[in-house]
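To keep things clear, I will list the structure first and then write my remarks on it.
The values are calculated or read from the model by the stated rules, or taken from the named source; none is laboratory data. Predicted model, so just to flag it, every value in this text is computed and none were measured. All Cβ positions, glycine included, derive from the backbone under ideal geometry; neighbour counts span all protein chains shown. All accessible areas refer to the heavy atoms of the entire protein, side chains included, with ligands and DNA or RNA removed. Shrake-Rupley method; radii C 1.70, N 1.55, O 1.52, S 1.80 Å.
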Amino acid sequence: MQTLENQNVVIIGGTSGIGLATAIAAAEQGANVWAASRSEGTIDKAKTQAPDSIRFSPLDTHDVTGLQQLFAEIGTIHHLVSAATGANRTMAPFMEQTAEQFSEAFNKFWGYTNVVRAGVPHLSADGSVVLVSGVPARKCNPGMSAISCVGNAVEGLGRALALELAPRRVNVVAPGIIDTAMFDWMGDNKATNFIRMSQNIPLKRVGQANEVANAILFVMTTPFVTGTTIDVDGGQLLP
Ligand SMILES: NC(=O)c1ccc[n+]([C@@H]2O[C@H](COP(=O)([O-])OP(=O)(O)OC[C@H]3O[C@@H](n4cnc5c(N)ncnc54)[C@H](OP(=O)(O)O)[C@@H]3O)[C@@H](O)[C@H]2O)c1
């Protein structure tokens, strides 16, 4: 197994939820961690929860120059993670969406392609890339066509890049319903909604960000794993 001790780990979208949990777990295992996202507010909140050693930067996945500058400052990257949401989640029946609304959901995917394109030139020969998709790629309810297609795009990109970038490794982690800030829009209904949503999950609960972070660290540190998608979803994909 590879160790994360003194490895340079960069997490775009690393200031909240799954990305932040990954940043904290990697730092606890001795990695040098850089975490970035758009908003100073999210960064300030993350700093109150994270070890002082994590270096936070304001950065948007759509800012190619900013990505190039950050990666050049870091130098060698051993593990590059994109966990950014990066777009408004377009939740509506396909026939009720405009082409613009449908396309907007893909801003997550374009952000991921920017992270990979800017980051891979700095990736070590034994390094890895981890992208985050989600259960809707392979199991979704009506109204989720846009996020399903985005998830499939991320998973397809992961497989294609694993071939092109070998011996560097590329993997995808696909979370189910995870209790993160992504659901803060539910306000006071969040807990009740999670109980209702859990009824369709074999383990009868939603997941926690650190459970997904654990899978991200597994693919980072296991040298024979590439081109795969690891599901962390409490069994939600079962028929
Ligand atoms: N939670 C779930 O149930 C679930 C399920 C399936 C898939 N996922 C996927 O898991 C990943 C992580 O989500 P999460 O649940 O951890 O959400 P989260 O807690 O809301 O975290 C999202 C992170 O992405 C950053 N971000 C968003 N847009 C960005 C951009 N354009 N550039 C740079 N950073 C950006 C956010 O910070 P700023 O706002 O400061 O930019 C934040 O750090 C996402 O790809 C999401 O689609 C989550």
The base-10 log of I(q)/I(0) that the Debye equation returns for the range 167-239 at q = 0.11, 0.12, 0.15, 0.18 Å⁻¹, one scatterer per C-alpha, is -0.33, -0.39, -0.57, -0.75
Segment residue 186-residue 126, extension gain: residue separation times 0.36 nm, minus the distance between their alpha carbons: 17.5 nm
Rh (Kirkwood; distinct C-alpha pairs) - the range 30-78, Å: 11.6
Just the number please: accessible area per residue for the range 125-239, 1.4 Å probe, all protein chains included, in Å². 48
Please list 3J(HN,Hα) in residue order for the range 32-47, calculated via the Karplus relation 6.51 cos²θ - 1.76 cosθ + 1.60 where θ = phi - 60°; whole Hz, with x for glycine and proline. 8, 10, 10, 10, 9, 6, 6, 9, 4, x, 5, 5, 4, 5, 4, 4
What are the principal axis extents of the Cα atoms in the chain, in Å, biggest first? 45, 35, 35
Compute, for the range 76-179, the length of the dipole vector about the Cα centre, with Cβ point charges of +1 (Lys, Arg) and -1 (Asp, Glu) only. Units Debye, rounded to 20. 240
Given the peptides 129-140, 68-79, 11-22, 206-217, arrange them by the average over their residues of other C-beta atoms within 10 Å, most packed first. 11-22, 129-140, 206-217, 68-79
Which number do you get for Rg(Cα) / (2.2 N^0.38 Å) in the range 1-112? 1.18
Can you give the helix-only mean residue ellipticity at 222 nm for the chain, where every DSSP H stretch with n ≥ 4 adds -39500 (n - 2.57) and the sum goes over all residues, rounded to the nearest 500 deg cm²/dmol? -12500 deg cm²/dmol
Under 16 Å Cα to Cα from residue 190, which aspartates and glutamates show up? Leave out anything in the same chain fewer than 8 places away. 179
Lys and Arg at +1, Asp and Glu at -1: add these up for the other residues within a Cβ distance under 15 Å of residue 196 and post the number. +1
For the residue pair residue 68 and residue 5, what label-to-label distance in nm results when each label sits 7 Å from Cα along the Cα-to-beta-carbon direction? 3.7
With +1 on each Lys and Arg Cβ and -1 on each Asp and Glu Cβ, and nothing else charged, work out how big the dipole of the range 41-133 is about its Cα centre, in Debye to the nearest 20. 160
I'd like to compare 48-58, 176-186: which one has the highest average count of other Cβ atoms within 10 Å, and what's the full order after that? 176-186, 48-58
Within straight-line cross-link reach of residue 204, aspartates and glutamates at Cα separation under 13 Å, skipping those fewer than 8 residues along the same chain: 233
Projecting each Cα onto the charge dipole of the chain (Lys/Arg +1, Asp/Glu -1 at the beta carbon, about the Cα centre), which of 158, 131, 198 comes out farthest on the positive side? 198
Test item: Cα-centred dipole of the chain, Lys/Arg +1 and Asp/Glu -1 on Cβ, debye: 440
For the range 60-153, just the Cα set please: Rg and Dmax, both in angstrom. 15.2, 46
